[in-house]
Structure formats: C-alpha cells, structure tokens
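Bear in mind these aren't lab numbers, they're just calculated from the coordinates by the rules spelled out. These figures come from a predicted structure and were not determined experimentally. Note: ideal-geometry Cβ built from the backbone for every residue, glycine included; neighbour counts use all protein chains shown.
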DNA sequence: TGCCAGGCCGGGT
DNA sequence: ACCCGGCATGGC
C-alpha cells in the first residue's frame, strides 16, 4: 500500500535535486564524520575534519596512535569533544582488535551482521551504525534521524511514538533494497527538514509534502 | 540573545 | 522497560 513512499521520494527529488551525499572523500572519513555529527551541525563537523586533515592524522593508523587528549583538541569545533574523542578511539581500537584496522575486512560482512557488529561499539548507536553501513560501506540500510521523525510525524505519516527500528523497517519493507535510493532518500529528508521543517516553526506552508496524503502510512 | 544542530550513554526509577 | 541529565561548539 505505501507506494506513497516512492511518490514522496520522487517529489522531493524533483523539488531539491540530488543531494550528493555523503560529503566525505573516503569511507574512513565518512565514518569519522558520522560519529562527529551526532547531535551536531555539519558545518562544525567540517571544521573538525579539516583540523584532522591539516594535521594529516585522518587515517586508521594515525588515529590509533594519537593521544585522546590531542584528538579532543583537534575536534573541538564539533562540540562534545571529550566524549567524541573517546568514541572515535573506541571505534578505532575495536577496528584494530577485530579487523586489523582494515575497513575492507569490516565491510566484508553482510548488511545485517555489519550493523549488529557496529552497535557493539560504545558510542555507535542506531543512526550512526546505519550511516556507516549505508554511506561508508555502501550497503542498503535505511538511516532514520531526527528529521525523518519530525517530517513524517508532522505530516501524520507516522505516530509520534514510533521507535527507531519501526521507522527503519517501515522504509525498508516498502522500498526496494537499493543503496542509491536509501542514500538519496535520507539526504533529501534532511534537506527538507532543514529547509521547511524546523523545530521552532511547526507550520510548513511551503513544504512540498503538503497534500501528499491525509492518512497515516503506518498505524 | 537563546535556541538549535544529521545522538548516545549511564544512572535512576 | 522507560526517563532524564550530561555532553559543548558555532551560527543565526
């Protein structure tokens, strides 16, 4: 029944155009960005990543060796720098202990197994895990975030209280398991959220999704 | 100026 | 099983 999901996607794509996500040059950079952007504006994350690049430490080996205190100093613009330095370190240590620091070995797992493995790392929750699986590993795992909730609940497509795994399953069960589609869909929802569905502006008169449908897609 | 940004953890009920 | 405080910078 929810072929509306694809209509919504088509509408957003037409309205905004392709978003060219994820804004990162390598898989490793995507992973670091995914952790740094937790509850944080992307422009701040860019500053932190630029610091890491300027110091030439944006590699698994260098981040494995670097002191947590120095790392914290470099990522300061991203906010929560102490806790995020620990999270980056916990991921890197885990990567070396289990996969020899080799992303290809990590990414050799199938989609579901990779996601579950990532969730074992302290500092990686559902959204960060899905972002890594989709945007770094290039496997079809739909990413749900604050914008997904806000946009879809404001339009009454989903109830407020729908939890992460339910929303994720809703998308995955009603779309083809297509990496490019999942990639673009999530990016478009973020773009829509930033543009027309701000927290402090409950009404979104300009929202291209107005009038798409009037009934919940999930109950 | 205060509020917000592409969450997650740990401790308390 | 939920609920909540803490974590912190930079932009508008």
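Given the -39500 (n - 2.57) contribution per DSSP H run of 4+ residues, what per-residue ellipticity at 222 nm results for chain A, rounded to the nearest 500 deg cm²/dmol?
Per the formula, -17000 deg cm²/dmol.
Sort A:62, A:207, A:122 so the one with the fewest other Cβ atoms within 10 Å of its own Cβ comes first.
A:122, A:62, A:207
Nearest 10 degrees, 0 to 90: what angle lies between the long axis of helix A:164-173 and the longest principal axis of chain A (Cα atoms)?
Computed tilt is about 70 degrees.
Quick one: if you stick a label point 7 Å off each Cα along the C-beta vector at residue A:165 and residue A:10, how many nm between them?
3.3
Where does helix A:27-36 land angle-wise versus the long Cα axis of chain A, in degrees 0 to 90, nearest 10?
That works out to roughly 80 degrees.
Going by C-beta contacts inside 10 Å, put A:194, A:11 in order with the fewest on the left.
A:194, A:11
Using every pair of alpha-carbon atoms in chain A, split the distances into 5 Å bins beginning at 0 and state the percent of pairs per bin, rounded to integers.
The percentages, shortest bin first, are 1, 7, 14, 19, 18, 15, 11, 8, 5, 2, 0.
So what does the Cα-only Debye profile of region A:124-219 read at q = 0.19, 0.20 Å⁻¹, as log10 I(q)/I(0), no solvent term?
-0.94, -1.03
If you build a Gaussian network model of chain A, linking Cα atoms that sit under 10 Å apart, which residue out of A:52, A:36, A:189 swings the most?
A:52
Rounded to two decimals, what is the ratio between the C-alpha radius of gyration of region A:54-119 and 2.2 N^0.38 Å?
1.20
Compute the acute angle (0 to 90°) between the alpha-carbon long axis of helix A:4-16 and the principal axis of greatest extent of the alpha-carbon atoms of chain A; round to the nearest 10°.
Once rounded, the angle reads 70 degrees.
Cα gyration tensor of region A:11-128, axes a ≥ b ≥ c as square roots of the eigenvalues: rounded (a/c below 1.5), prolate (a/b > b/c) or oblate?
Here region A:11-128 falls in the oblate category.
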